[in-house]
1. Please list 122-128, 112-118, 76-82 highest first by mean number of surrounding beta-carbon atoms within 10 Å per residue.
2. At a 10 angstrom cut-off on C-beta neighbours, averaged per residue, how do the peptides 43-56, 13-26 rank from highest to lowest?
3. Given labels modelled 7 Å from the Cα in the Cβ direction, how far is it in nm from Arg71 to Lys167?
4. Within the stretch 1-61, which GluC sites (Glu not before Pro) sit in a loop by DSSP and count at most 12 neighbouring Cβ atoms inside 10 Å?
5. Just want to confirm a number: the relative contact order over the stretch 48-109, from Cα pairs under 8 angstrom separated by 6+ residues, in percent.
6. Nearest 0.05, what FRET efficiency do His6 and Glu58 give at R0 = 45 Å with Cβ-Cβ as r?
7. Only Cα pairs under 8 Å and at least 6 apart count here; give the relative contact order of the chain as a rounded whole percent.
8. Of all beta bridges DSSP finds with both residues in the stretch 18-167, what is the antiparallel percent, to the nearest 5?
Amino acid sequence: MSVIKHKEQRVGVLIDVQNMYHSAKNLYGARTNFKEILKTAVAGRKLIRAIAYVVSTEGGEEKTFFEALVRLGIETKTKDLQIYVGGLKKADWDVGIAVDAIRLSSFLEVIVLVSGDGDFTPLVEYLKNQGRQVEVLAFGRSASGRLKEIADDFVDLGKETKKYLIK
C-alpha cells in the first residue's frame, strides 16, 4: 500500500499493549520494542498523542515497564486485570481504544493503531469514512487479514524482528 505521509500531518498513536505483548511472546519468544514502534508510527510527522493501553496486576511487577513507556513519551491508560470465578483472566481495552480513537479523530489527520486485533475492523472503517487516514502496525502472522486489508497502510513488524523485538 502506498499512502502519503508528510511532516505536517497530525498523528495519534494508540497502542494495544496486550495484543503486542502476546504476539511478540507467542510468535517470537521476545518482547516488543515500543521505542522503535513509536518512531515508525510517527514517521517524522507531528505526534499529537501516543497512548498505551495497559493492564496492571495485583503484584504490580509491570510498574517499571509503564514508567519506561512514559519516558518514551507514551501516555499510559491502566485497567486492572479482572479474575473471574474459575480462574479466567480478562482485561479488554477494545472499547476504550475505540472511544479514544473516535474522540481524538477530530484533532488528527492520521490515526495509527498498533494492534492486529480484528475487532478493530469496524473502527477502522468508521474512521476512514470520516476522512481519516488509518495505519496499522502489527505482527503480520497474528494480525487479522481483514484489518490488514482495510487499513490505509499496514506495517508488518514481523518483517524486521531485529528492529521491533527485544530478545
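Throughout, read-outs are computed from the coordinates displayed, never taken from laboratory work. As the structure is a computational prediction, the values presented were derived from the model and not from experiment. Methodologically, a virtual Cβ is constructed for each residue, glycine included, from the backbone with ideal geometry; neighbour enumeration extends over all protein chains shown.
1. Result, highest mean Cβ count within 10 Å first: 112-118, 122-128, 76-82.
2. Taking the mean over residues of other Cβ atoms within 10 Å, the ranking is 13-26, 43-56.
3. Once both label points are built, they end up 2.3 nm from each other.
4. Glu8, Glu58, Glu61
5. Normalised by residue count, the contact order of the stretch 48-109 is 33 percent.
6. The formula returns an efficiency of 0.50 here.
7. Answer for the chain is 28 percent.
8. Around 20 percent antiparallel, to the nearest 5.
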